[in-house]
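Below is one structure, written out as structure tokens; comments come after it.
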Amino acid sequence: MQSPNNNPIPDHNGELGSTEVLTELGLPARPMTSLRRRGISTIEELITWSAEDLRFEVQGLGRGGLKEIEAALARLGLQLSATTRRSEVAAAATTGKLATANAARAEGRTAMEAARLVGWSRATLYRHHQAASRRSVDIQEAPGIAS
């Protein structure tokens, strides 16, 4: 097996090709638990995810946990995928949930109530809101696009 940067991943015996379990990364309990809950149990599976995918699709994994994962992979000469998995369908679903939550906020509901309405935590609502804001700024600042 090879990493995205074409480095072979050694197994426990130093041989190449087998998969190592996540415990080999030496991650703290919180990111490890979050990854396991999402069904990611090997380094091979982990490196197929991008940082963006992990951030938005793995509940309980924040910036700090993501940095710890990236550092642990770097120690092995590995890195997360540069390609995101998020499909247009998933992005559309997120956009729809964000619109529903924003409408609930406009009606006077709290952020917690709005988030629960769409099945998110308040932190997830804020994270998606910030990401949407960054995307709109990126689009406005792109050359050749009039504001």
R36-Q59 pseudo-label distance in nm [points 7 Å out on the Cα-to-Cβ vector]: 1.7 nm
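Taking 0.36 nm per residue of separation and subtracting the Cα-Cα distance, what length does fully extending T23 through A131 add? Could the numbers behind the result be given before it?
Details: separation 108, 0.36 × 108 = 38.88 nm, distance 3.06 nm.
Gain on stretching T23 to A131: 35.8 nm.
Given the Cα-Cα distance of T84 and A99 and 0.36 nm per residue of separation, how much length would full extension add, in nm?
Numbers: separation 15, 0.36 × 15 = 5.40 nm, distance 2.27 nm.
Once the chain is fully extended between T84 and A99, it gains 3.1 nm.
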Efficiency of FRET from Cβ geometry, E113 and A91, R₀ 22 Å, rounded to 0.05: 0.35
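Values quoted throughout were computed directly from the atomic coordinates according to the rules given, and no laboratory measurement underlies them. This is a predicted model, so every value here is computed, not measured. Glycine also receives a Cβ, built like all others from the backbone with ideal geometry; neighbour counts cover every protein chain displayed.
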